[in-house]
Amino acid sequence: MSDRLENSATIRALFGGTFDPIHYGHLKPVEALAHEVGLQHITLLPNHVPPHRPQPEANVQQRLHMVELAIADNPLFSVDVRELHRTAPSYTIDTLEEIRKELGEEKPLAFIIGQDSLLTLHYWYRWKALLDYCHLLVCARPGYSDTLDTPELERWLDAHRTTDTSALKQQPNGLIYLAHTPLLDISATDIRQRKHDGMSLDDLLPTSVQRYIDQQGLYR
Ligand code: ATP
C-alpha cells in the first residue's frame, strides 16, 4: 500500500449515549478526539433504553431531535437511529457485530466512551468481546478515577492499550486508546437538575437544544 493510501485509511467511529440531553461534555471531547486520532467522521448512536432500566426523562423522539439539532451545522457528525428502533432488548455488542458485518473484516471500527464508562465496562454484556469487533477510544472525564476497580479490568486494559494513534488505523479492532481530550465537567444528570431548579444551561449545551428543551417543557 502506498504511503498516501495508508495515511488516508479511515476509522469508522461510533459514539453511543442516552443523550438525555446531548451536551458539550459529549460534543467537545469527541471533536478534540477526532483531531487527536484523525477521525474524519463520528456517528452518534442514541441508545435504546430497555423497559426494565430507569427511563430517560425525554422520550425517544425528543432525544433524537436534540441530537439532530446539536449536530445540524457540524459535518463531523451524523446520527444512526438503529438502536432507537429496537423493540427487543439489545446490547452495544449486538450493534457492533451488526456494523462490523456491514463494514467487512478489514476496516478499522472504533467505539468511543468516556472514562466513567471505562470504569464500569466489566458490567457490560460480553465486555471482553467488544474488542473482537472494534477499538475503544476513551475520552477523559473529570471526577472519575484513572485507576480501574478490578485487577481483571486492569490486566485487560494493559494487554490491549496503545498510545500510538496510527496503530488504530493499521488494524481493524482490538486496541484501547486513552485520549488526552479536554476535561469538561458537564453531565446530563446535572443539566436535568439545573433545569428542575430553574438555573441557566448556558455554556452547557447548544442554544438550539436549549430552545427545544424550553419549547417541549422538558426537565421541569
Ligand atoms: P447521565 O448524567 O444521564 O448519566 P451522561 O452525561 O453521562 O448522562 P450519557 O449519554 O450517558 O451522558 O453518556 C454517553 C457517553 O458520553 C458515555 O460514554 C459517557 O462516558 C460519555 N460522556 C458523557 N459526559 C461526558 C463528559 N463530560 N466528558 C467525557 N465523556 C462524557
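Worth a mention:
- Filter result (within 13 Å of the ligand (Cβ to nearest atom) and at pLDDT 95 or above) within region 122-141: Leu130, Leu136, Leu137, Val138, Cys139, Ala140, Arg141
- Top-ranked residue of region 28-61 - restricted to ones that are within 14 Å of the ligand (Cβ to nearest atom), outside any loop (DSSP other than H, G, I, E, B) and in contact (Cβ under 8 Å) with a residue 60 or more places away in the chain, ranked as farthest from the chain's Cα centre (by Cα): Glu36
- Count - residues of region 102-114 that are within 11 Å of the ligand (Cβ to nearest atom) and open to solvent by 20 Å² or more (accessible area, probe 1.4 Å): 0
- Near pairs, Cβ below 9 angstrom, 6+ apart or cross-chain, from region 148-172 (in a helix (DSSP H, G or I)) to any residue that is aromatic (Phe, Trp, Tyr): Leu153/Trp127; Trp156/Trp127; Ala167/Tyr177; Leu168/Tyr177
- The condition (being open to solvent by 90 Å² or more (accessible area, probe 1.4 Å) and at positive phi) is satisfied by just one residue among Asp185, Asp203: Asp203.
- Residue within region 84-99 that is in contact with a helix residue (DSSP H, G or I) (Cβ under 8 Å, 6 or more places away or on another chain) and surrounded by fewer than 18 Cβ atoms within 10 Å (Cβ to Cβ) present: yes
- Among the residues listed as Ile99, Ile186, the single one being within 16 Å of the chain's Cα centre (by Cα), under 21 Å from Leu44 (Cβ atoms) and more than 16 Å from the ligand (Cβ to nearest atom): Ile99
- The conditions of being open to solvent by less than 40 Å² (accessible area, probe 1.4 Å), in contact with a helix residue (DSSP H, G or I) (Cβ under 9 Å, 6 or more places away or on another chain) and either of a type in the set (A, V, I, L, M) or more than 16 Å from the ligand (Cβ to nearest atom) (or both) are met by Thr150.
- Look at region 181-198: where a residue is assigned to a loop (DSSP other than H, G, I, E, B) and a partner is loosely packed, with under 14 Cβ neighbours inside 10 Å, sitting 6+ places away or on another chain with Cβ atoms under 6 Å, you get Leu183/Pro142; Asp185/Pro142.
The values are calculated or read from the model by the stated rules, or taken from the named source; none is laboratory data. Quick caveat: nothing in here was measured; it's all calculated off a predicted structure. Glycine also receives a Cβ, built like all others from the backbone with ideal geometry; neighbour counts cover every protein chain displayed. Each accessible area value is taken on the protein alone, full model and side chains, heavy atoms only, with ligands, DNA and RNA left out. Shrake-Rupley method; radii C 1.70, N 1.55, O 1.52, S 1.80 Å.
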